[in-house]
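**Student:** Mind having a look at this structure? Questions to follow.
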Amino acid sequence: MPVDETAPAVTIRGLVKRFGDVTALDGVDLRVPSGSVFGFLGPNGAGKTTTLRILTGLARPTSGEVFLFGMDAVKASAETRRIIGFLPDVPGFYGWMTAEETIRFTGRLFGLGGDALEERVRALLDLAGLSDVKTRVGGFSRGMRQRLGIAQALVNAPKLLMLDEPTSALDPMGRKDVLEMVASLAGRTTVFFSTHILSDVERVCDRVAILDKGRVVMSGPLDEITMPAGAHAFEIEVAEDAERLEQALRDLPWATSVERTGLTLSVTASDPIAAQRDVPAQVARLGLALVRFETREASLEDVFVGLVGGEGRPR
Amino acid sequence: MSGFAAFLAKEFTEIRRTWRIWVVPGILIFVGLTSPVLAKLTPALIGSITAGQPGFVIEIPDPVPADAVAQWVKNLTQMVLIAEIVAAAGLVSGERRRGTTILVLTKPVSRDAFVLAKWVSEMALVTVATLVAAAGCYLVTLAVFGTAPLGLFVETTALWLVLAAFFDALVFALSVWTGSTAAAAGIGIGGYFLVSALTVWAPARAMTPAGLLVAVTAAPSGQGFPVTFALPVTLVLTAGLLLLAVALFRRQEL
C-alpha cells in the first residue's frame, strides 16, 4: 500500500481500546493535517499514550480505524513504521552504546547504510547537541536521553514524528532544548506531540486536540480554539469581599471555572450572554462595589480547564 | 523477516561488549579446562581422605581418559545447562523491561526477526564457547592422560548442544510468555528437573529430550543409548517452542 501524499498524516475513526472492563479510548475521531505541529493534549490517564501505542503498532485497537498517510496502521503496520519516527515518554536505549552508535543502529534497522547513513548520523548528533559526547548512553542525563530519542526518531527522515510527553520529566533547560528541536522541525515533517503541559503546546504547536476520558473533546487550529473561547473568559474585580462573589458565581450553571486572586476573579463561561447579565446582578445582590468587569482573551489553559475540569488540572 | 540482519549484528556487538561474553563462556571454559584435571586427581583425593581412617577402604580404579569426558559431560549437563537457562531467561524480557523493544519494534523490524535473532545469537555464542571449551578439554585430557577419545568428545558435545538449543527455545518461549526473567528462569529450571526426572521412565527416555540427557551421560562409560527417536523429537520440539515464542510475541501488546 503506497503513501498517499494528499491524505492527512493521521486519520483516526471511532477508535476504541478496552483493557478488560476499563475503556481507555472511547471512540476517538481525529484528523492531523500533513505538515502541522499537532499538540495532543490531555490530563494524565486520558488515553494519549494508548493512542500513540496503537499508531506505532505496539498495541491493537479493540475497534476503529487508524490511517497514516492513507495507510492502515493496524493491517499495514510494517509499512507505516517505515515512515514514522517515535519517541516514547521514557525512551529505552542500549546503555552500552554511545549516542553515535545508537543513531547508526536505528538507521540500519531502516536499511540505511554507507555514506548516506554516516552523513545523517553526523547531522542528527549535531541537531541533538551530542556531537562531542563520547560517553555511553547508560550515563546520560534525562535531557540528553530525550534529545537522543528525538535524534534517533528522525534517522529515517520520517513523514510523521510522534513524541509522547517529550518534556514532562525535564528541567527548564532540558525542556527548552527539546522544544527548540521540535520547533526547528516545523514545515519539514508532521509532528504529533502528546503532552499535558499547555505552555509547551502554545509555544510550538499550530493545531491541537484535547483528549479527555478517552474521547476527543475539541480539535482544531490553536488560534481558532482559543479565539471563540476568548469571548467566554472574563475578569471581574471588586472592591472587597471577593470570596462571597466567587461562591455565588460558582453556583451559576454557566460558570465552567472560577478562580480568585486577591480581589480579582477569573471566570470562564459556557454562556457568555448569561454571564454578562448575571455577573453585575450578583455584584449588586451582594452589595459589592464593582471595580472592573471585562472580557479577556482566553488561554489554552482556560479552554482546557473548561473542557476537562478540575480533575485534569494542567501545569 | 524484516530487520533480522541489522538486529542480529547488534546482538553480536552486544555479546562482545557486555556481561554476555563472560558468564556462560567463562563457565564453559573453566569446566573445559578443569574437568580432565579433576578426573585425574579424584581417586588420589578420595584416597587421601580415607587414608587416615583404619579399616575404611575404597577401591577406586585408575582414572582413564573417558573419566575426563564423563566429568566434562557431568558439568555440561548440570552446572552449565542451568547457567545457560538463567542467562537466556532475560534476553527477551530484559529488553522489554529496559524499553528497548519499543526502540526497535517501532522501526521496520518484525517481531519474528526480534525473537529469532536473539535465539540465533545466543546459540551462536553457546556453540562457539562450547567448541572452544571442548577443544580445551580435549587438549588438557591429552596432556594429563597422554591420550584422549576425540570421537567421544565430539559425540557428547554435539548432543549437549542439541539439548542446549532445546532448553534455550523453552526459556525464550517462557520469557516471552511471562515477560519476567525470574519466572522464565524458575520455570525453565523446573523444566530441566522434569526432563532429568523423565530419564528414569523408559518411554520418555526413548521419545523425549530425556533420551539425549541419558545418551550424553552414558556415553563415557561405553553404554551407548540410542537416540533414534529422541534426537528428531528434540529438534522438532525446539522448532515448535521457537514458533510458539514468535507467535506469543506477535500477539503481545508492548
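The values are calculated or read from the model by the stated rules, or taken from the named source; none is laboratory data. A quick note: this is a predicted structure, and the numbers were derived from the prediction, not measured. Using ideal geometry, Cβ is built from the backbone for each residue, glycine included, and neighbour counts are taken over all protein chains shown. These area figures cover heavy atoms from the full protein model, side chains too; ligands, DNA and RNA do not enter into them. Shrake-Rupley method; radii C 1.70, N 1.55, O 1.52, S 1.80 Å.
**Student:** Find how much the distance from A:Asp21 to A:Gln247 grows on full extension, using 0.36 nm per residue of separation minus their present alpha carbon separation; answer in nm with one decimal. Intermediate values should be presented prior to the final figure.
**Tutor:** On the way: separation 226, 0.36 × 226 = 81.36 nm, distance 3.81 nm.
Between A:Asp21 and A:Gln247, full extension yields an extra 77.6 nm.
**Student:** What does the average come to when, for each residue of peptide A:190-203, you count the partner chain Cβ atoms lying within 10 Å of its Cβ?
**Tutor:** Values: counts 0, 0, 0, 0, 0, 0, 0, 0, 0, 0, 0, 0, 0, 0.
So the per-residue partner count for this stretch is 0.
**Student:** Here is a further query. If you take the beta carbon distance between B:Leu33 and A:Asn44 as r and set R0 to 41 Å, what does 1/(1 + (r/R0)^6) give as a FRET efficiency, to the nearest 0.05? Could the numbers behind the result be given before it?
**Tutor:** Numbers: r = 57 Å, r/R0 = 1.38.
Using R0 = 41 Å, I get an efficiency of 0.10.
**Student:** Shifting gears a bit: Can you bin the stretch A:124-195 into rounded, prolate or oblate? Criterion: square roots of the alpha carbon gyration tensor eigenvalues sorted a ≥ b ≥ c, rounded for a/c under 1.5, prolate for a/b above b/c, oblate for the rest. Don't jump to the answer; show the numbers that get you there.
**Tutor:** Details: a/c = 1.84, a/b = 1.30, b/c = 1.42.
It is oblate, given that a/c is not under 1.5 and a/b is not larger than b/c.
**Student:** Could I ask something else about it? Please calculate the 1.4 Å probe accessible area of A:Asp177, with all protein chains present, and give it to the nearest 10 Å².
**Tutor:** Ignoring ligands and nucleic acids, A:Asp177 comes out at about 50 Å².
**Student:** Can I ask one more? Count charges around A:Glu235 for me, please; just the other residues with Cβ under 9 Å from its Cβ, Lys/Arg as +1, Asp/Glu as -1.
**Tutor:** 0
**Student:** Right, here's the next one. Roughly what would the spin-label model give for A:Glu202 and B:Met79, points 7 Å off Cα along C-beta, in nm?
**Tutor:** Placing both labels 7 Å along Cα→Cβ, they lie 6.7 nm apart.
**Student:** How much accessible area does A:Glu5 have with a 1.4 Å probe, in Å² rounded to the nearest 10?
**Tutor:** Its heavy atoms expose roughly 120 Å² to the probe.
**Student:** Also, I was wondering about something else. Leaving out ligands and nucleic acids, and using a 1.4 Å probe, what accessible area per residue does the protein assembly as shown come to in Å²?
**Tutor:** Working: 24230 Å² over 569 residues.
I get 43 Å² per residue for the protein assembly as shown.
**Student:** Which helices count as membrane-span-like in chain A under these terms: full DSSP H, at least 15 Å along the axis by C-alpha, Kyte-Doolittle mean of 1.6 or more?
**Tutor:** On the way: long enough: A:99-109 (16 Å, -0.45); A:114-127 (20 Å, -0.03); A:142-153 (16 Å, -0.63); A:172-184 (18 Å, -0.03); A:272-286 (21 Å, 0.08).
Both cut-offs are met by no helix.
**Student:** Related question: Using a 1.4 Å probe and ignoring any ligands, DNA or RNA, find the accessible area of A:Met97 and quote it in Å² to the nearest 10.
**Tutor:** Using a 1.4 Å probe on the heavy atoms, I get roughly 10 Å².
**Student:** Given the C-alpha centroids of the stretch B:162-193 and the stretch B:128-152, what is the distance between them in whole angstrom?
**Tutor:** 29
**Student:** Would you tally the net charge around B:Val162, using a Cβ to Cβ cut-off of less than 12 Å, leaving B:Val162 out, and scoring K and R as +1, D and E as -1?
**Tutor:** Working: positive: none; negative: B:Glu155, B:Asp168.
Surrounding charge for B:Val162 is -2.
**Student:** Which whole-number percent is the relative contact order of the stretch B:20-170 (Cα, under 8 Å, 6+ apart)? Present the calculation step by step, with values, prior to reporting the outcome.
**Tutor:** Details: 123 pairs, mean separation 61.2, N = 151.
For the stretch B:20-170, the relative contact order is 41 percent.
**Student:** Within chain A, what whole-number % of the accessible surface is contributed by carbon and sulfur, with the 1.4 Å probe and all protein chains included in the calculation?
**Tutor:** So the carbon and sulfur contribution to the accessible surface is 49 percent.
**Student:** Also, I was wondering about something else. Quick check: residue separation of B:Val236 and B:Ala183 times 0.36 nm, minus the Cα distance between them. What number comes out in nm? Display every interim value, and only then the final one.
**Tutor:** Details: separation 53, 0.36 × 53 = 19.08 nm, distance 2.44 nm.
That pair, B:Val236 and B:Ala183, stretches by 16.6 nm at full extension.
**Student:** Taking the Cα centre of each part, how many Å lie between the stretch A:37-56 and the stretch B:82-104?
**Tutor:** The distance from the Cα centre of the stretch A:37-56 to that of the stretch B:82-104 comes to 28 Å.
**Student:** Further question: Tilt of helix B:111-145 relative to the longest C-alpha principal axis of chain B, in degrees (0 to 90, nearest 10)?
**Tutor:** Result, in degrees: 20.
**Student:** Keeping every protein chain in place, order B:Glu122, A:Glu118 by accessible area at 1.4 Å, biggest value first, i.e. largest first.
**Tutor:** On the way: B:Glu122 5, A:Glu118 55 Å².
Largest accessible area first, the residues go A:Glu118, B:Glu122.
**Student:** Work out the mean other chain Cβ neighbour count within 10 Å for the residues of A:144-153 and drop it here as an integer. Don't skip to the end; give the middle numbers.
**Tutor:** On the way: counts 0, 0, 0, 0, 0, 1, 0, 0, 2, 3.
Counting Cβ atoms of other protein chains within 10 Å of each residue's Cβ and averaging gives 1.
**Student:** What residues of the stretch B:1-34 lose no less than 40 Å² of accessible area with every protein chain in place versus their chain by itself (probe 1.4 Å, heavy atoms only)?
**Tutor:** B:Ala6, B:Lys10, B:Arg17
**Student:** Of all beta bridges DSSP finds with both residues in the protein assembly as shown, what is the antiparallel percent, to the nearest 5?
**Tutor:** Numbers: 38 of 56 bridges.
Here the antiparallel bridges make up roughly 70 percent for the protein assembly as shown.
**Student:** Quote the relative contact order of the stretch A:50-171 in percent (integer), defining contacts as alpha-carbon pairs under 8 Å separated by 6+ residues. Intermediate results must be reported in sequence, preceding the final value.
**Tutor:** Numbers: 161 pairs, mean separation 41.0, N = 122.
Relative contact order for the stretch A:50-171 comes out at 34 percent.
**Student:** Between B:Phe12 and A:Val3, with labels modelled 7 Å along Cα→Cβ, what's the label distance in nm to one decimal, could you check?
**Tutor:** 3.1
**Student:** I've got another one for you. Count the net charge of all other residues whose Cβ sits under 10 Å from the Cβ of A:Leu222, scoring Lys and Arg as +1 and Asp and Glu as -1. Could you put the intermediate results ahead of the total?
**Tutor:** On the way: positive: A:Arg207; negative: A:Glu202, A:Asp206, A:Asp223, A:Glu224.
Residues close to A:Leu222 contribute a combined charge of -3.
**Student:** Relative contact order for the stretch B:83-176 using alpha-carbon pairs under 8 Å, separation at least 6, rounded to a whole percent? Intermediate results must be reported in sequence, preceding the final value.
**Tutor:** On the way: 44 pairs, mean separation 50.5, N = 94.
Dividing the mean separation by the residue count of the stretch B:83-176 yields 54 percent.
**Student:** Return the Rg/Rh value of the stretch A:40-174, two decimal places, where both radii are evaluated on C-alpha atoms and Rh is the Kirkwood radius. Don't skip to the end; give the middle numbers.
**Tutor:** Numbers: Rg = 15.5 Å, Rh = 15.8 Å.
Result for the stretch A:40-174 is an Rg/Rh of 0.98.
**Student:** Give me the inter-chain shielding for A:75-88: mean count of other chain Cβ atoms within 10 Å, whole number please. Numbers along the way, then the final one.
**Tutor:** Values: counts 0, 0, 4, 5, 1, 1, 8, 3, 1, 3, 2, 5, 3, 5.
Going residue by residue through A:75-88 and averaging, the value is 3.
**Student:** Could you rank B:Phe56, A:Phe293 by how accessible they are, 1.4 Å probe, largest area first? Walk me through the numbers on the way to the answer.
**Tutor:** On the way: B:Phe56 105, A:Phe293 65 Å².
Heavy-atom accessible area, descending, gives B:Phe56, A:Phe293.
**Student:** At a 1.4 Å probe radius, which order do A:Glu246, B:Glu95 fall into by accessible area, largest first?
**Tutor:** Numbers: A:Glu246 25, B:Glu95 0 Å².
Descending order: A:Glu246, B:Glu95.
**Student:** Same structure again: Using label points projected 7 Å from each Cα along Cα→Cβ, tell me how many nm separate A:Leu286 and A:Glu180, to one decimal.
**Tutor:** 4.6
**Student:** So if we plug the beta-carbon distance of A:Asp223 and A:Glu118 into 1/(1 + (r/R0)^6) with R0 = 51 Å, what FRET efficiency do we get, rounded to 0.05? Mind dumping the intermediate values first?
**Tutor:** Numbers: r = 42 Å, r/R0 = 0.82.
The value I calculate is 0.75.
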